[in-house]
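The values are calculated or read from the model by the stated rules, or taken from the named source; none is laboratory data. What you see is a predicted model; the values in this text were computed from it and never measured. Note that each Cβ is placed from the backbone with ideal geometry, even for glycine, and that neighbours are counted across all protein chains shown. To get the accessible areas, we keep the full protein, side chains included, count just its heavy atoms, and leave off ligands, DNA and RNA. Shrake-Rupley method; radii C 1.70, N 1.55, O 1.52, S 1.80 Å.
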Amino acid sequence: MANSAKNSKYDAIVIGGGHNGLVNAAYLAKAGKKVVVLERRHVLGGAAVTEEVFPGFKFSVCSYVVSLLRPEIIRDLDLPRHGFEVLPLDGTFTPMPSGDYLWRMNDHGKSRREIARHSKLDAEAYEEFGKAMLQMCRFVKPILGMTPPDPTTLNPRELLKLLFLGRRFKDLSLDDKYNQVQLMTMSAVDFLDRWFETDVLKATMSASGIIGTFLGVRSPGTAYVLLHHYMGEIDGAFRSWGFSRGGTGAISAAIAGAAIEAGAEIRTKAGIAEILVKDGKAKGVVLENGDELHADIVSSSVDPNRTFLKMIGPGHLPGDFLDEVRRYKFRGSSGKVNLALDALPEFKCLPGSGPHLRGAISISPSVEYMERAYDDAKYGQYSRRPYMDVVIPSLTDPSVAPPGKHVMSCFVQYAPYKLKDGNWDEKREAFGDTVIDTLSEYAPNIKNIIIGRQVVTPLDLEREFGLTEGNIFQGELSLEQLFFLRPVPGWAQYRTPIRNLYMCGSATHPGGGIMGAPGRLAAVEILKDWGAS
Ligand SMILES: Cc1cc2nc3c(=O)[nH]c(=O)nc-3n(C[C@H](O)[C@H](O)[C@H](O)COP(=O)(O)OP(=O)(O)OC[C@H]3O[C@@H](n4cnc5c(N)ncnc54)[C@H](O)[C@@H]3O)c2cc1C
């Protein structure tokens with residue numbers, strides 16, 4: 001990475017080299033601004049990172065699948081030219097303790113036949129459900145690309161945004177209107193209950209509703225998170241997820257490539273200790289090594305806790321704003337176990353290394369299983385039998401493992417940040433054992449084929465990746481923290497009470513996931529204030 005002289009003056013300093021910080025920098029640099037990105041870690045990407053944890057085994061240490069990255073960003077930054085490539089993730093395979101399984105594939109006809117094996121009625125409903133969700137995605141999609149309106153002002157520009165949303169809602173069919181309201185208010189399982197009767201189908205579909213939240217599949221509000229995960233789009237097809245060739249770090253590397261090409265400077269091992277504020281205006285930053293950098297604006301892609309409570313000295317922010325920041329909910333609930341494998345797992349219910357191993361393998365055999373996993377977390381324990389979303393990217397992208405070997409990524413819930421007994425440093429390996437024990441109930445050979453294991457707890461996510469309380473989305477995606485309420489009411493337009501200080505990470509609208517939208521939208525607002533757009 002390029003290094004430049006100390007004490008330089010920039011147009012913009014971007015704090016954090018996660019994918020949103022990089023998107024933000026790329027757009028600002030493309031607009032002709034002199035930009036520097038300062039990343040605390042030795043490697044770029046934040047939660048979208050690839051690291052060689054064991055020699056020859058490259059892991060997407062945190063995020064592992066992609067689909068939410070906004071198409072306009074892929075186009076504007078010409079990311080394929082910088083190495084961005086998505087490989088297909090073929091469906092979701094859910095093994096069941098009974099010895100049966102549910103395998104939803106990308107091929108619609110095959111999925112339909114598979115669901116019909118469990119329930120003919122559900123096979124019919126699945127078709128209708130897909131159509132209804134497509135309508136919901138179409139309704140919500142423009143919202144992902146817009147700065148949230150401020151509903152408290154009479155500013156004509158804000159009123160127009162509200163009118164635009166009102167019109168879109170009015171134009172929905174009556175059924176779609178009901179669906180939309182239900183998605184915003186119901187639990188994932190209650191919503192799915194309206195469509196389906198097969199327990200395992202509801203369990204595995206409801207899992208998308210709890211990712212990154214401290215809520216259960218029966219908690220109101222989780223239906224929206226389900227929609228958030230449906231929104232992903234690859235080449236215009238909604239609900240498709242894929243692997244990034246080279247792991248999710250390759251996405252960050254491609255964005256960094258576009259930013260550097262546009263003239264941005266990027267520094268790693270450059271943690272920020274303080275944001276300099278004078279007369280109510282951001283003036284620059286102080287690095288952890290004591291260096292000072294100055295700029296006209298500072299754009300922070302780290303969460304509000306770090307930005308406002310750790311990097312800004314006392315007296316610069318209004319008390320009511322700080323109260324809202326303190327109320328912002330993180331409540332991390334996820335962990336990750338990354339495995340280096342000598343061979344492939346053999347599932348009891350479908351032995352062999354068939355295409356079922358190329359998609360997601362979901363340990364979500366029943367609604368009761370999912371809810372019990374949450375029960376443990378509610379009382380301060382990691383789930384004794386957790387929900388897991390498992391992928392083996394090396395089957396699709398052999399570049400991430402030595403020949404004949406594999407990498408397996410297990411995303412796990414629940415792993416509550418706050419444990420009732422003990423701490424995560426003491427519990428890390430026991431948690432890893434629980435994950436392997438759970439998996440071995442379905443794939444008994446797993447214990448014999450593991451040659452390396454990395455256990456990532458919520459505390460590791462906080463310490464290593466700067467994610468407060470280990471929340472994977474820089475703050476829960478719960479309804480009260482979305483849209484014009486994210487991160488806090490009144491400050492959802494990427495600006496902050498300090499002039500020239502902006503927010504551009506997942507803690508802003510539209511939230512977490514490898515989306516890039518916060519980074520882009522923040523750049524749009526920054527350039528507006530600069531009078532450059
Ligand atoms: C375990 C896990 C699994 C996930 N799975 C998926 C998935 O499969 N698909 C998906 O779409 N999303 C997934 N996500 C969510 C997604 O990865 C994140 O929402 C997204 O990557 C966040 O990007 P960001 O740029 O907003 O923030 P971050 O990635 O958090 O970037 C912030 C950056 O700021 C840096 N930083 C922190 N403090 C400082 C400081 N003081 N000075 C300088 N730099 C600092 C951090 O090191 C980090 O690089 C997952 C996340 C996790 C943690």
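Summary of computed values
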read-out	value
Residue pairs meeting the criteria (Cβ under 6 Å; at least 6 apart or on separate chains; first over 18 Å from ASP11 (Cβ atoms) and of a type outside the set (Gly, Ala, Ser), in region 248-268; second modelled with pLDDT under 95 and more than 11 Å from the ligand (Cβ to nearest atom))	THR268/MET1
Filter result (within 14 Å of the ligand (Cβ to nearest atom), over 22 Å from SER362 (Cα atoms) and not charged (D, E, K, R)) within region 425-469	LEU459, LEU461, PHE465, GLY466, LEU467, THR468
Selection from region 157-205 of residues that are closer than 30 Å to SER98 by Cα, among the β-branched types (Val, Ile, Thr) and surrounded by fewer than 18 Cβ atoms within 10 Å (Cβ to Cβ)	none
Region 120-141: number of residues that are out of contact with any Leu (no Cβ under 9 Å at 6 or more places or on another chain) and open to solvent by 20 Å² or more (accessible area, probe 1.4 Å)	10
Tally of residues being of a type in the set (Val, Ile, Thr) and either buried (at least 24 other Cβ atoms within 10 Å of the Cβ) or within 10 Å of the ligand (Cβ to nearest atom) (or both) across region 513-527	2
Those residues of region 248-285 which are open to solvent by 10 Å² or more (accessible area, probe 1.4 Å) and either at pLDDT below 95 or over 23 Å from LYS33 (Cβ atoms) (or both), in sequence order	GLY249, ALA250, LYS269, ALA273
Residue in region 452-464 that is under 30 Å from GLU525 (Cβ atoms), touching a residue at least 12 places away in the same chain (Cβ under 8 Å) and polar (S, T, N, Q) present	no
Residue in region 106-122 that is modelled with pLDDT of 95 or more and under 27 Å from LEU172 (Cα atoms) present	yes
Cβ pairs under 8 Å, 6+ apart, first in region 179-208 and in contact (Cβ under 8 Å) with a residue 60 or more places away in the chain and within 17 Å of SER364 (Cα to Cα), second open to solvent by 20 Å² or more (accessible area, probe 1.4 Å) and of a type in the set (Val, Ile, Thr)	THR204/THR92
Selection from region 470-488 of residues that are open to solvent by 20 Å² or more (accessible area, probe 1.4 Å) and away from the ligand (no atom under 16 Å from the Cβ)	LEU479, GLU480, PHE483, PHE484, LEU485
Subset of region 489-512 [within 12 Å of the ligand (Cβ to nearest atom), among the small types (Gly, Ala, Ser) and at pLDDT 95 or above]	GLY505, SER506, ALA507
Leading residue by the ranking (nearest to LEU22 (Cα to Cα)) among those in region 265-295 that are under 25 Å from the mean Cα position of the chain (by Cα) and among the aliphatic types (A, V, I, L, M)	ILE266
Per-region count, region 128-147, residues over 19 Å from the mean Cα position of the chain (by Cα) and within 15 Å of MET184 (Cβ to Cβ)	5
Among residues of region 206-217, those that are open to solvent by 10 Å² or more (accessible area, probe 1.4 Å) and in contact with a Leu (Cβ under 8 Å, 6 or more places away or on another chain), counted	1
Residue check, GLY319 among the small types (Gly, Ala, Ser) and open to solvent by 20 Å² or more (accessible area, probe 1.4 Å)	yes
Qualifying positions in region 340-385 - in a helix (DSSP H, G or I) and open to solvent by 30 Å² or more (accessible area, probe 1.4 Å)	PRO355, GLU368, TYR369, GLU371, ARG372, ASP375, LYS378
Residues satisfying the stated conditions in region 416-433, i.e. surrounded by fewer than 19 Cβ atoms within 10 Å (Cβ to Cβ) and out of contact with any Gly (no Cβ under 8 Å at 6 or more places or on another chain)	GLY422, ASN423, ASP425, GLU426, ARG428, GLU429, ALA430, ASP433
Elements of type strands (runs of 3 or more DSSP E) in region 1-119, at least 1 residues being away from the ligand (no atom under 16 Å from the Cβ), open to solvent by 40 Å² or more (accessible area, probe 1.4 Å) and without any contact (Cβ under 8 Å) to a residue 60 or more places away in the chain	50-54
